[in-house]
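The values are calculated or read from the model by the stated rules, or taken from the named source; none is laboratory data. Since this is a predicted model, take the numbers as computed values, not measurements. Cβ atoms come from the backbone with ideal geometry, glycine included; neighbour counts cover every protein chain shown. Remember, those area values only see protein heavy atoms, side chains included, never the ligands or the DNA or RNA. Shrake-Rupley method; radii C 1.70, N 1.55, O 1.52, S 1.80 Å.
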Amino acid sequence: MSRIGRMPIAIPAGVTVEVNGNVVTAKGPKGELTRAMHPDMIIEVEGNEVLVKRPSEDKLHKSLHGLTRTLIHNMVVGVNEGYKKELDVVGVGYRVAMEGKKLVMNIGFSHQVNVEPVDGITIEAPAPNKIVISGLDKQLVGQFAADVRAKRPPEPYKGKGIRYTGEVVRRKEGKAGAKKK
């Protein structure tokens, strides 16, 4: 039995979870999320807990069991607390700023890089070298942060680029054996 899948999901105060067939809706103080789950999975709300069960021991059902439980748990946490990713901009002359809702980045190119937020995402630039991406949907926040990081990923020689806060960039040595006269 899936160790993750069999754990019940506790519904915190202020959050409601509704199951209509295979569509799960979570409403909370931060907002509302709806997601269609696999039709084979059995999702039940009992009191202040959500239980996910599988109909058989098939390999497909075993693999979907933990996934479905995790997706519902992420929805409950998202509408209650939200998700946040922080990025650091490292490099001489590299800086970010907000112009309206748009993020404008000077990251070593001959032009500025503009990033428009997608629905469900908020971008903040509290400092010239810091970006904070937040939202309800864990997958959407993580994907958007990865897209912003991909504009200028950290390079291994000087460490310049956009990285997650706390990310360790493995540094390489420069040219070896260059003789000076």
Check your understanding: Computed FRET efficiency, Cβ-Cβ of E124 and T34, R0 41 Å: what is it to the nearest 0.05?
Key -> 0.95
Review point. According to a simple spin-label model (label point 7 Å from Cα along Cα-to-Cβ), what is the distance in nm between V19 and Q143?
Key: 2.6
Check your understanding: For helix 138-149, what angle does its Cα long axis make with the longest principal axis of the chain, in degrees from 0 to 90 and rounded to 10?
Key -> 10
Check your understanding: Picking from I121, I72, I42, which is most flexible by a Gaussian network model of the chain using Cα springs under 10 Å?
Key -> I42
Check your understanding: In nm, to one decimal, how far is the V113 label point from the L67 one, both placed 7 Å along Cα→Cβ?
Key -> 3.1
Point to revise | Computed Kirkwood radius, in angstrom, where 1/r is averaged over Cα pairs of the range 112-181 | key: 14.4
Exercise for review: Determine which aspartates and glutamates satisfy two conditions relative to K53: a Cα distance under 20 Å, and not lying fewer than 8 residues away in the same chain.
Suggested key: E18, D40, E44
Check your understanding: Relative to the first principal axis of the alpha-carbon coordinates of the chain, what is the inclination of helix 59-80, with its axis defined by its Cα atoms, in degrees from 0 to 90 and to the nearest 10?
Key -> 70
Review point. Nearest 20 debye, what's the magnitude of the dipole of the range 95-162 about its Cα centre given +1 on Lys and Arg Cβ and -1 on Asp and Glu Cβ?
Key: 340
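Taking Cα pairs under 8 Å and at least six residues apart, what relative contact order does the range 27-181 come out at, in percent? Walk me through the numbers on the way to the answer.
Details: 247 pairs, mean separation 31.1, N = 155.
Relative contact order comes out at 20 percent.
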**Study point:** Mean Cα-pair separation over length for the range 114-155, i.e. relative contact order, pairs under 8 Å, 6 or more apart, %
**Key:** 29
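Once a ≥ b ≥ c are taken as the square roots of the eigenvalues of the Cα gyration tensor of the range 45-181, is the result rounded (a/c under 1.5), prolate (a/b larger than b/c) or oblate (a/b not larger than b/c)? Show your work: numbers first, answer last.
Details: a/c = 3.53, a/b = 1.78, b/c = 1.98.
Oblate, since a/c reaches 1.5 and b/c is not below a/b.
Calculate the dipole size of the range 1-115 relative to its Cα centre from +1 charges on Lys and Arg beta carbons and -1 charges on Asp and Glu beta carbons; express the result in debye to the nearest 20. The partial results should precede the final answer.
Values: 15 positive and 12 negative charges, 53 e Å.
Approximately 260 debye in magnitude.
What order do S110, S63, S56 take when sorted by accessible area (1.4 Å probe), most exposed first?
Details: S110 125, S63 75, S56 35 Å².
Accessible-area ranking of S110, S63, S56, largest first: S110, S63, S56.
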Check your understanding: Roughly to the nearest percent, how much of the accessible area of the chain is carbon and sulfur, given a 1.4 Å probe?
Key -> 51
